[in-house]
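The structure appears below as structure tokens.
Derivation of every value follows stated rules applied to the coordinates shown; laboratory data play no part. Worth saying up front: this structure is predicted, and the values here are computed from it rather than measured. Here Cβ is always computed from backbone atoms with ideal geometry, including for glycine, and neighbour counts include all displayed protein chains.
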Amino acid sequence: EIVMTQSPATLSVSPGEGVTLSCGASRSVYNNLAWYQQKPGQAPRLLIYGASTRATDIPARFSGSGSGTEFTLTISSLQSEDFAIYYCQQYNNWPRTFGLGTKVEIK
Amino acid sequence: QMQLQESGLGLVKPSQTLSLICTVSGGSVDRGGHYWSWIRQHPEKGLEWLGYIYYTGNTNYNPTFESRLSMSVDRSTNTFSLELTLMTAADTATYYCARSPLGGRTYDSWGQGIQVFVSS
């Protein structure tokens, strides 16, 4: 199965700052990559699919890029509601696999 | 707006079978192109895809669980179900049901999750 690796494990950021999260795949997944946001006690929410396409109602401050094995999620100006854990997921191969997540916490 | 809701026993004894149901509202399980999945999350850890079922009954399971996993769909009650046999402590997790509108690619609707503990 494809192993998804996310870095860093934790990011400490001040509100208003921008942040970039990284996700790597053990082999190419082309652009078949999604990002999810999860807050405590909630299910994950789809943010990005196709590596760079925002899902419905996702603010423009969220952007994704990359292809092949290296991907990034950028949040341009962190709002209070953005402090959460972010997961990447590949859907190029079965079984679908997720990274272990990056926690974005308030500095 | 589609909503999913997991139900079932939250405490299972080792070696027993976990049975969960996901009730779908605001949409139909027999809508073509939608795949109905189960995903679990270990405490403080990442997400693990277990498998999906299509309304026709076709399934696709994660090979890790294939020998002890079974899914079914009930179009009359608009639900789909999971059974995971031979439960161990390693299966303690939050179990989510989720919808994939794109042929099992991404997951855009999720249940709230049900915590399952495996303990004697």
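Side notes on the structure shown:
- Mean Cα-pair separation over length for chain A, i.e. relative contact order, pairs under 8 Å, 6 or more apart, %: 39
- Remark on the protein assembly as shown: Rg and Dmax equal 17.3, 51 Å (Cα only).
- Peptides B:69-80, A:11-22 ordered by average Cβ neighbours within 10 Å, highest first: B:69-80, A:11-22
- Partner chain coverage, peptide B:101-108 - average Cβ within 10 angstrom: 6
- For region A:27-54 versus region B:66-120, the gap between their alpha-carbon centres in whole angstrom: 20
- Distance-filtered residues of region A:63-106 - backbone nitrogen under 16 Å, label point 7 angstrom along A:R27 Cα→Cβ: A:68-70, A:90-97
- Rounded to the nearest 0.05, the FRET efficiency derived from the C-beta distance between A:S80 and A:S7 at R0 = 22 Å is 0.35.
- Cα shape, region B:25-76, gyration tensor, a/c 1.5 rule: oblate
- Set of lysines near A:K103 by C-alpha distance (under 22 Å), chain-local residues within fewer than 8 positions excluded: A:K39, B:K45
- Isotropic mean projected area of the C-alpha convex hull, region A:24-89 (nm²): 4.4
- For region B:16-120, the square roots a ≥ b ≥ c of the C-alpha gyration tensor eigenvalues yield an a/c of 1.5 or more together with a/b exceeding b/c, which makes the shape prolate.
- Normalising the average separation of contacting C-alpha pairs (under 8 angstrom, six or more residues apart) by the number of residues puts the relative contact order of chain B at 36 percent.
- Of the trypsin sites (Lys or Arg not before Pro) found in region A:17-87, the ones in coil according to DSSP and having at most 12 other Cβ atoms within 10 Å of their Cβ are A:R27.
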